[in-house]
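Have a look at the structure below before the remarks.
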Ligand SMILES: *Cc1c(COP(=O)(O)O)cnc(C)c1O
């Protein structure tokens, strides 16, 4: 790669998951961004990341032992490891100057991430709180946070004398960076149209959300009274993002090119935003993971060395059992429940959102109950609900009821984080994924599992249609069926699930262990490069960042 000249990129994201206790992440978006910047360092790509130093981050989510209710707790992070760049930039929010301190992260395997922070003495109490809680707010406070990321981010790059050729908005949160670029051009005399055209030439965008309500929007007046518009008129704002202003629509009109995060998601996103005139093309670049963060090196080595002999497979199995026992010990430490290493263990950890159907496996009690009572099937759940999402909390509480009903075979780990994610995607036998297709944009936990030899049992959604070879490297159920009628879809999918579990997964595990080991080898070998960071970086650099006009 030293031979071709690569564009210098500034990557903007609200959250980064670098290490479990560094809680400036919430979920999949942050996992992707953190893994991406680790890959950037490993492989030497020219990129800097812009994010926010969240004082409290996403918070912890616990279960009250007495009431069985979910509650959130926020703690101030200890971020002493951050490097002070000495740079402070200023933006204006509601007519008031807000100072933003710029920190550099040079640890956890990244060296080019800059974090913005308003919690400094120069600011008043209200301004200091802007970078307090990740996704803690929806309205005005969210816009203030996004102004820090976008406007503050562009100004921080300039103060640091970093001159990107491409600005990559990972989700619509960074959109105000585009406003700032337009604003600076207009300040030098360009018309709005000319400034927009120039800016569009250097902005690219990744969309992650195939659910319409998941795409943030704001009344245009909010932008105006907060000063987020930076001199762009009401009519021009409307022309960009509609009214109310939809951040995804705005980003699609302010970018040269955009991408969805899997091939199926490309199809979904194109149909979702079909009616948006004047938007850029949306291509598909499937997500990937940073192997050293998530995958047990022994599994990679043993599968690579596997010559098909029984001995080689047994060595792989032994390493897997070691990971499974570590998970069982971890679960016992957290919950007091001791699972059985000789029985099939299904892992499931998801944000508690209805489309992910966390309760799916309990759909037909007559079917599942004997398996859980006999201990032939064990399930470890984890997941968090958004602090303001009562439905999500209900979902978690429903799972908690199941842990009471089947105390020896169903467990729930509270406060899902990177550590739990790593334990579960290494130590489970099967990784269950049952979203309502096509609502799961990509899903990276399945990739972590696959590369650890944990077999995916999944709806054909997100990344899985690209990887699945049914019965060879994992299993699919549902055959890609879709329906607007949720009851119809749920019924269809459960029937399919039941059949695959009963006819294929359980017999292979209990009666054909060597075939299971073959599947583990196939799972690792078929995914390790195809869903590794190097492939994803190559694709972004060759398909997104390459500039055609100059
Ligand atoms: C991997 C991971 C995710 C993303 O996984 P999905 O498959 O998108 O659900 C989210 N949170 C944590 C803690 C993870 O480790």
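The values are calculated or read from the model by the stated rules, or taken from the named source; none is laboratory data. Everything numeric here is computed off the predicted structure, so don't read it as measured data. Here Cβ is always computed from backbone atoms with ideal geometry, including for glycine, and neighbour counts include all displayed protein chains.
In this structure, does residue 330 turn out to be touching a residue at least 40 places away in the same chain (Cβ under 8 Å), outside any loop (DSSP other than H, G, I, E, B), within 24 Å of residue 486 (Cα to Cα) and not assigned by TED's automatic domain parsing to the domain that holds residue 539? It is false that residue 330 is touching a residue at least 40 places away in the same chain (Cβ under 8 Å), outside any loop (DSSP other than H, G, I, E, B), within 24 Å of residue 486 (Cα to Cα) and not assigned by TED's automatic domain parsing to the domain that holds residue 539.
Which pairs have Cβ atoms under 7 Å, sit 6 or more apart or on different chains, and link a residue in the stretch 427-441 that is more than 14 Å from residue 381 (Cβ to Cβ) to one that is modelled with pLDDT under 95 and surrounded by 24 or more Cβ atoms within 10 Å (Cβ to Cβ)? Filtered contacts from the stretch 427-441: 438/210; 439/210; 441/210.
Among the residues of the stretch 291-325, just one is within 16 Å of the ligand (Cβ to nearest atom), more than 30 Å from residue 207 (Cβ to Cβ) and in a helix (DSSP H, G or I), namely 323.
Residue 503: at positive phi and free of Cβ contacts under 8 Å to residues at least 24 places away in the same chain, yes or no? Answer is no for this residue.
Scoring residue 388 on the criteria (1) within 23 Å of residue 210 (Cβ to Cβ); (2) more than 16 Å from the ligand (Cβ to nearest atom); (3) part of a helix (DSSP H, G or I) leaves a single failure, condition (3).
Which one of these does residue 279 not meet: (1) at pLDDT 95 or above; (2) assigned to a loop (DSSP other than H, G, I, E, B); (3) not assigned by TED's automatic domain parsing to the domain that holds residue 208? Here residue 279 meets the rest and fails (3).
Being within 30 Å of residue 5 (Cβ to Cβ) and buried (at least 24 other Cβ atoms within 10 Å of the Cβ) is the filter; apply it to the stretch 41-53 and report the residue that is nearest to the ligand (Cβ to nearest atom). Ranking the candidates gives 51 first.
Would you check if there is a residue in the stretch 447-454 being in contact (Cβ under 8 Å) with a residue 40 or more places away in the chain and surrounded by fewer than 23 Cβ atoms within 10 Å (Cβ to Cβ)? Taking every residue of the stretch 447-454 in turn, none turns out to be in contact (Cβ under 8 Å) with a residue 40 or more places away in the chain and surrounded by fewer than 23 Cβ atoms within 10 Å (Cβ to Cβ). I'd like to check something: does the stretch 177-190 contain any residue that is in a strand (DSSP E or B) and touching a strand residue (DSSP E or B) at 6+ places or on another chain (Cβ under 7 Å)? Looking for residues that are in a strand (DSSP E or B) and touching a strand residue (DSSP E or B) at 6+ places or on another chain (Cβ under 7 Å), one finds none in the stretch 177-190, hence no.
Kindly establish whether residue 358 is closer than 20 Å to residue 345 by Cβ, over 24 Å from the mean Cα position of the chain (by Cα) and buried (at least 20 other Cβ atoms within 10 Å of the Cβ). Against the criterion (closer than 20 Å to residue 345 by Cβ, over 24 Å from the mean Cα position of the chain (by Cα) and buried (at least 20 other Cβ atoms within 10 Å of the Cβ)), residue 358 does not qualify.
Here the strands (runs of 3 or more DSSP E) wholly within the stretch 400-477 that include at least 2 residues being over 19 Å from the mean Cα position of the chain (by Cα), closer than 29 Å to residue 62 by Cα and away from the ligand (no atom under 14 Å from the Cβ) are 410-413. If the condition is being touching a helix residue (DSSP H, G or I) at 6+ places or on another chain (Cβ under 6 Å) and either surrounded by 16 or more Cβ atoms within 10 Å (Cβ to Cβ) or within 24 Å of residue 25 (Cα to Cα) (or both), then the stretch 75-104 contributes 87, 89, 91, 93, 98, 100, 102.
Among the residues making up the stretch 257-290, those that are away from the ligand (no atom under 16 Å from the Cβ) and out of contact with any strand residue (DSSP E or B) (no Cβ under 6 Å at 6 or more places or on another chain) are 267, 271, 272, 273, 274, 275, 276, 277, 278, 279. Among residues of the stretch 54-74 being within 18 Å of residue 117 (Cα to Cα) and in contact with a helix residue (DSSP H, G or I) (Cβ under 7 Å, 6 or more places away or on another chain), the one that is nearest to the ligand (Cβ to nearest atom) is 54. None of 316, 264 is buried (at least 21 other Cβ atoms within 10 Å of the Cβ), closer than 20 Å to residue 448 by Cβ and outside the structural domain of residue 513 (by TED's automatic domain parsing) except 264. Restricting attention to the stretch 6-23, the residues that are crowded, with 21+ Cβ neighbours inside 10 Å and within 13 Å of the ligand (Cβ to nearest atom) add up to 6. Annotation note: of 535, 543, the sole residue that is touching a strand residue (DSSP E or B) at 6+ places or on another chain (Cβ under 9 Å), assigned to a helix (DSSP H, G or I) and over 26 Å from residue 344 (Cβ atoms) is 543. For the criterion of being part of a helix (DSSP H, G or I), surrounded by 17 or more Cβ atoms within 10 Å (Cβ to Cβ), modelled with pLDDT of 95 or more and under 24 Å from the mean Cα position of the chain (by Cα), residue 286 fails.
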